[in-house]
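What follows is a single structure, written as structure tokens, with notes after it.
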Amino acid sequence: MSFGPEEIVALVHQGATTRVAAPDAPPRFAPGDRVLTRNLNPPTHTRLPRYCRGKRGEVVRVHGVYAYPDARALGDDAAREYCYAVRFTARELWGDGAAAGDTLTIDMHDSYLLPDPAA
């Protein structure tokens, strides 16, 4: 599916979203769950930031189910996954030189996450 300039402008003004109806299965994670990000290095598109790979964080919100951008970039418009807000400490991401109280919250799709075995 492709859009021309007029359609894109209309979608922006409408507030277009990639949110889709929830599947029959509940989300794997809930707020408060400790997670470990996967260390993915695909040869194609991913929205999993490299600095977050293999890091531990905490789910702070379940956003719902959205089109999965990694698959959509490859032409699979049917792929959808839960998306979560995951909070990381700055020290988890960047080491002891980062400020002790700083955190970063990033939206992450289900397939980026594993239950934290240390939790």
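Output the peptides 80-91, 62-73 sorted from most to least packed, where packing is the average of other Cβ atoms within 10 Å over each peptide's residues.
Highest-to-lowest ranking by the protection proxy: 80-91, 62-73.
Taking the Cβ of D107 as the centre, find all other residues whose Cβ is under 10 Å away and add up their charges (Lys, Arg: +1; Asp, Glu: -1).
It works out to a net charge of +2.
If neighbour count is taken as other Cβ atoms inside 10 Å, put T105, T46 in order from fewest to most. The partial results should precede the final answer.
Numbers: T105 14, T46 18.
Going from sparsest to densest Cβ surroundings: T105, T46.
Could you list L93, L40 so that the one with the fewest beta carbons within 10 Å of its beta carbon is first and the one with the most is last?
L40, L93
I'd like the distance between the alpha-carbon centres of segment 86-119 and segment 27-81, rounded to an integer number of Å.
Between the Cα centres of segment 86-119 and segment 27-81 lies a distance of 13 Å.
Report the per residue volume, in Å³, of the convex hull enclosing the C-alpha atoms of segment 19-115. Provide the component values of the computation, followed by the final result.
On the way: hull volume 8.8 nm³, N = 97.
Taking the convex hull of the Cα positions in segment 19-115, it is 90 Å³ per residue.
Give the angle, between 0 and 90 degrees and rounded to the nearest 10, that separates the Cα long axis of helix 5-14 from the longest principal axis of the Cα atoms of the chain.
That works out to roughly 60 degrees.
Once you have the Cα-Cα distance between A99 and R38, take 0.36 nm times their residue separation minus that, and quote the gain in nm to one decimal.
Gain in length upon complete extension: 19.5 nm.
Report the label-to-label distance for A78 and D107 in nanometres (one decimal), using points 7 Å from each Cα along the Cα→Cβ vector.
The two pseudo-label positions are separated by 2.4 nm.
All of the numbers you see were taken from the coordinates with simple rules; none came from a lab. Values in this document were obtained by computation on a predicted structure and should not be read as measured data. Glycine also receives a Cβ, built like all others from the backbone with ideal geometry; neighbour counts cover every protein chain displayed.
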